Amino acid sequence: MHTPPSTPTAPTNPASRAVVELGAGAALPSLVAAMQPAAPALVVVTDYPDDAILGNLRQNVARNEAAYAPGCTVRCEGYEWSQPLDPLM
């Protein structure tokens with residue numbers, strides 16, 4: 001049996017990570033991630049850059065803001081697939 005030499009002994013700190021949801025729709029996975037006790041520091045919720053779509057998305061994010069874990073920021077952004085991800089972060 002081979003054991004890799006750098007097997008982690010503990011999970012990495014989720015507070016130092018970011019989550020990007022592409023094509024979020026109602027943003028349920030992002031909202032659930034933001035509500036976890038070990039939520040990431042940043043959750044970026046994206047969908048097609050259309051006013052109606054993003055308006056609904058922003059309402060869902062705002063409606064649930066009180067339930068986010070301390071230190072977790074949730075942002076909504078318009079995003080067209082195949083574009084660079086750098087502006088989202």
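Screening the candidates Ala67, Ala52 for the property of being within 13 Å of Met35 (Cα to Cα) and either touching a Ser or Thr at 6+ places or on another chain (Cβ under 7 Å) or hydrophobic (A, V, I, L, M, F, W, C) (or both) yields one hit, Ala67.
Number of residues in segment 39-57 that are over 12 Å from the mean Cα position of the chain (by Cα), surrounded by fewer than 16 Cβ atoms within 10 Å (Cβ to Cβ) and under 20 Å from Met89 (Cβ atoms) equals 2.
Among the residues of segment 43-71, just one is in contact (Cβ under 8 Å) with a residue 40 or more places away in the chain and not β-branched (Val, Ile, Thr), namely Gly71. Just wondering, is there one or more residues in segment 61-79 that are among the hydrophobic types (A, V, I, L, M, F, W, C), crowded, with 17+ Cβ neighbours inside 10 Å and assigned to a strand (DSSP E or B)? Yes, some residue in segment 61-79 is among the hydrophobic types (A, V, I, L, M, F, W, C), crowded, with 17+ Cβ neighbours inside 10 Å and assigned to a strand (DSSP E or B).
The number of residues in segment 35-60 that are assigned to a helix (DSSP H, G or I) and within 25 Å of Ser16 (Cα to Cα) comes to 4.
Just so you know, all these numbers are worked out from the coordinates, no wet-lab data involved. The structure displayed is predicted, hence computed values, not measured ones. All Cβ positions, even for glycine, are placed from backbone atoms using ideal geometry, and neighbour counts span all protein chains on display.
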